[in-house]
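These notes concern the structure reproduced below.
The values are calculated or read from the model by the stated rules, or taken from the named source; none is laboratory data. In this text the structure is predicted, and so the values were computed from the model without any measurement. No Cβ is skipped: glycine too gets one built from the backbone with ideal geometry, and neighbour counts run over all protein chains shown.
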Ligand code: CA
């Protein structure tokens, strides 16, 4: 079997109602999807993660100009070999960011092909399923104004609760005082309910403010505090872990096992959050899981992409070993963003379904998705 072509699908859709996270306003949804086509009629799907402010065309150009010549003609089942070929041949201008996102897209598609070729879900090829279902957490609480939205956000918490979520991640980073007011209101709204909260500031603060926020929320029993400081400030992460009581999470803006090595060796994380659409795909996710495991660190993949990224995330989650084994060990959870996104439910024939607070991990071959090609055309950039 040989790879004969790559088709790149760049999708965009303006949002009816723009929303903010701490780094800026998200005005459109976008996605960079790749379809890797073989000479045996099998094709696979992958996605380069385009974060809220990132133009999806960057990864598309990298796939087209830099990676296409490296993989066309190769055996798609040589996944590890091709990962290293793509990484090594882009090393001098890559290693991070959109270059790694482009590599991720092709790598995910190769795993999809391998699964279809063997008639097995990707998690089987990764060594089997440690779990067949995963608890999703609601990512949300974006801002429509910026500050002063505590009441509306408390209503949103109740909405997620009524939808069946018992885990929720609150977007903070809009000023420490505003953040604290938001959390107090949400805490009041959820009083007596069996809900665990996480917070995510998207590295909005320096160390002093990040610590002030963490200390103010000490009584919330947070499951984790995500991206408290900028990803470059590894020492800052170490300081957060030393001075705060809640687990510290991060890594969505780090790439490959080489990038995670620094975070893990420094003791910067309790929870590593590689995004499969930007860390280097399922192969890099697997490298990072092994590295994190050796450091006693949990992996909870970050996922904010389309249905393709969600499907890839589910497959890896199935295959992540329980980090700290016990009868009631904490298991990885699925990031389930609740903001508007046309490339999720409508993009695939089998969108994620949450039933009784759980998501079943698909056991269909490959990523277990069929792409709705009409939607690709409707949102083509
Ligand atoms: Ca995040």
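A few points about this structure:
- Set 8, 108: member being outside the structural domain of residue 285 (by TED's automatic domain parsing), within 21 Å of residue 366 (Cβ to Cβ) and buried (at least 23 other Cβ atoms within 10 Å of the Cβ): 108
- Selection count, region 328-368, where residues are assigned to a loop (DSSP other than H, G, I, E, B), assigned by TED's automatic domain parsing to the domain that holds residue 310 and within 18 Å of residue 36 (Cα to Cα): 1
- Candidates 161, 190, 172, filtered to the one that is modelled with pLDDT of 95 or more, farther than 19 Å from residue 214 by Cα and buried (at least 18 other Cβ atoms within 10 Å of the Cβ): 190
- In region 292-326, the residues that are more than 16 Å from the ligand (Cβ to nearest atom), more than 19 Å from residue 135 (Cβ to Cβ) and part of a loop (DSSP other than H, G, I, E, B): 295, 296, 297, 306
- Filter result for residue 70 (more than 24 Å from the chain's Cα centre (by Cα), modelled with pLDDT of 95 or more and under 28 Å from residue 118 (Cβ atoms)): yes
- Of all residue pairs spaced 6 or more apart or on separate chains, none has beta-carbon atoms under 7 Å together with a first member in region 164-184 that is part of a loop (DSSP other than H, G, I, E, B) and a second member that is buried (at least 21 other Cβ atoms within 10 Å of the Cβ) and modelled with pLDDT under 95.
- Failed criterion for residue 102 (all others in (1) touching a strand residue (DSSP E or B) at 6+ places or on another chain (Cβ under 7 Å); (2) free of Cβ contacts under 8 Å to residues at least 24 places away in the same chain hold): (2)
- Within region 31-67, if we keep just the residues that are assigned to a strand (DSSP E or B) and within 17 Å of the chain's Cα centre (by Cα), the residue that is surrounded by the fewest Cβ atoms within 10 Å (Cβ to Cβ) turns out to be 45.
- Residue list for region 240-263, filter: part of a helix (DSSP H, G or I) and either buried (at least 20 other Cβ atoms within 10 Å of the Cβ) or in contact with a strand residue (DSSP E or B) (Cβ under 7 Å, 6 or more places away or on another chain) (or both): 240, 241, 256, 257, 259, 260, 263
- Count - residues of region 264-291 that are closer than 16 Å to residue 332 by Cα, out of contact with any helix residue (DSSP H, G or I) (no Cβ under 6 Å at 6 or more places or on another chain) and away from the ligand (no atom under 16 Å from the Cβ): 3
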